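Contents: one structure, followed by commentary.
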Amino acid sequence: MSGETGVFAVNAPANNGMRNGMMLIASLVVLWQLLYWSVGEFAITSPWATLRFTLELLGRDDFMGHLKETLSAFALAFVISVVLGLAAGFWMGFDHFSGDVLEPLFVNLYAIPKLTLYPILLLVFGLGMSGKVAFGVLHGVIPIILFTVGAVRNTRPILLKTAAVLKLSRSELVRWVLLPAALPEIFTGLRVGFSLTLIGCLLAEMFASQRGLGYLLMTGIGLHNIPQVMAVTLLVVVFASLVSVILLRFDRRLHNRQSR
């Protein structure tokens, strides 16, 4: 009986979470349909019409080219953001002087509207893939840096003293002590960086690009192609939401495991 009770205890939160998620999706679809009935096809399309047009888009070769362009730019930008963010974050966390000097600069840079810097990035990187990747990195790398710095600095002193007693090298300290201890906080930074990198790539495609989902959004708005705008928006929202839910679950597991 105790084993069965344990299984039910573990499965109950997962079932409740799935049930709540389904209720949320159903509520959003109902609100979407009500809004469609209120404003009509001039502003939005119905959920069923949007889903049908989305499936048609996914079957077009030209659309798949735009989708691959966006995913390629986003994937490259996110990888660069993670590598640069972790490297800079650990360095600033180790070197307190560099951290004290650079951290306020990154905080202030993060507060600046990124679109004001986009013309400069266009002059440096051009209108192609490199410009979109650079703008995505600009959005995603700073949160990863700041979260990593905070995670390293908040490592429990007893762990650092133990590493000093064991005479661990810096690489061993990072691998065996800092990374496991700071992983939950670092993963939160990666989760935030993921969303912001995606936003940066889409914005870059919307304002200066001839390929990608962002370009399709702006083209649809300019031509008043409501089905295209709604379908592309649906794809972006579904992709971002699914990945965010998965990352959030891992994030909570890491924090719960650390708190035990």
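Read-outs: derived from the displayed coordinates by stated rules, not from any lab. What you see is a predicted model; the values in this text were computed from it and never measured. Cβ coordinates were reconstructed from backbone atoms using ideal geometry, including for glycine residues, and neighbour counts include every protein chain displayed.
Given contacts defined as C-alpha pairs under 8 Å and at least six residues apart, what's the relative contact order of the chain, whole-number percent? Don't skip to the answer; put the middle values down first.
Working: 249 pairs, mean separation 63.8, N = 260.
Normalised by residue count, the contact order of the chain is 25 percent.
Counting alpha carbon pairs within less than 8 Å and at least 6 residues apart, what relative contact order, in whole percent, applies to region 34-133?
Values: 20 pairs, mean separation 22.9, N = 100.
Here the relative contact order equals 23 percent.
What dipole magnitude, in Debye to the nearest 20, does the chain give about its Cα centre under +1 on Lys/Arg Cβ and -1 on Asp/Glu Cβ? Don't skip to the end; give the middle numbers.
Values: 19 positive and 13 negative charges, 167 e Å.
Dipole of the chain, to the nearest 20 debye: 800 debye.
Which of the three applies to the chain, rounded, prolate or oblate, going by the alpha-carbon gyration tensor with a ≥ b ≥ c and a/c under 1.5 meaning rounded?
Numbers: a/c = 2.78, a/b = 1.35, b/c = 2.07.
Oblate, since a/c reaches 1.5 and b/c is not below a/b.
Towards the positive end of the charge dipole of region 18-97, with charges on Cβ (+1 Lys, Arg; -1 Asp, Glu), say which of 79, 24, 54 has the farthest Cα.
The Cα lying farthest towards the positive end belongs to 24.
Please give, to one decimal in nm, the separation of the simple spin-label points placed at residue 31 and residue 123, each 7 Å out from Cα toward the Cβ.
4.3
Could you order peptides 231-237, 147-153, 49-55, 249-255 by the average number of other Cβ atoms within 10 Å of their residues, highest first?
Details: 231-237: 19.0, 147-153: 21.9, 49-55: 16.1, 249-255: 13.9.
Output ranking for 231-237, 147-153, 49-55, 249-255: 147-153, 231-237, 49-55, 249-255.
Say we join alpha carbon atoms closer than 10 Å with springs in a Gaussian network model of the chain; which of 215, 118, 36 then has the biggest fluctuation?
36
Pop a pseudo-label 7 angstrom from the Cα along the beta-carbon direction at both residue 60 and residue 257 and give the gap in nm to one decimal.
4.4
Rounded to the nearest 500, what is the 222 nm mean residue ellipticity of the chain from helices alone, with -39500 (n - 2.57) per DSSP H run of 4+ residues and division by all residues?
On the way: 11 runs with 219 residues, N = 260.
After summing the helix terms and dividing by residue count, I get -29000 deg cm²/dmol.
Cα to Cα, under 21 Å, and not fewer than 8 places away if on the same chain: which lysines meet these conditions relative to residue 132?
The reachable lysines, counting only those whose Cα sits under 21 Å from residue 132, are 68, 114.
Given points 7 Å out from each Cα along the Cα-Cβ axis, report the residue 107 to residue 130 separation in nanometres with one decimal.
For the pair residue 107/residue 130, the computed spacing is 3.4 nm.
Highest first, please rank the peptides 24-32, 64-72 by the mean number of other Cβ atoms sitting within 10 Å of their residues.
On the way: 24-32: 11.8, 64-72: 17.1.
Descending mean neighbour count gives 64-72, 24-32.
Would you mind counting up the charge near residue 203? Only other residues with Cβ under 13 Å from its Cβ, with Lys and Arg at +1 and Asp and Glu at -1. Present the calculation step by step, with values, prior to reporting the outcome.
Numbers: positive: 114, 132; negative: 205.
Every neighbour counted, the sum reads +1.
I need the phi-derived Karplus couplings for region 225-232: 6.51 cos²θ - 1.76 cosθ + 1.60, θ = phi - 60°, integer Hz, Gly and Pro marked x.
Karplus values, whole Hz, x for Gly and Pro: 8, 4, x, 5, 4, 5, 5, 5.
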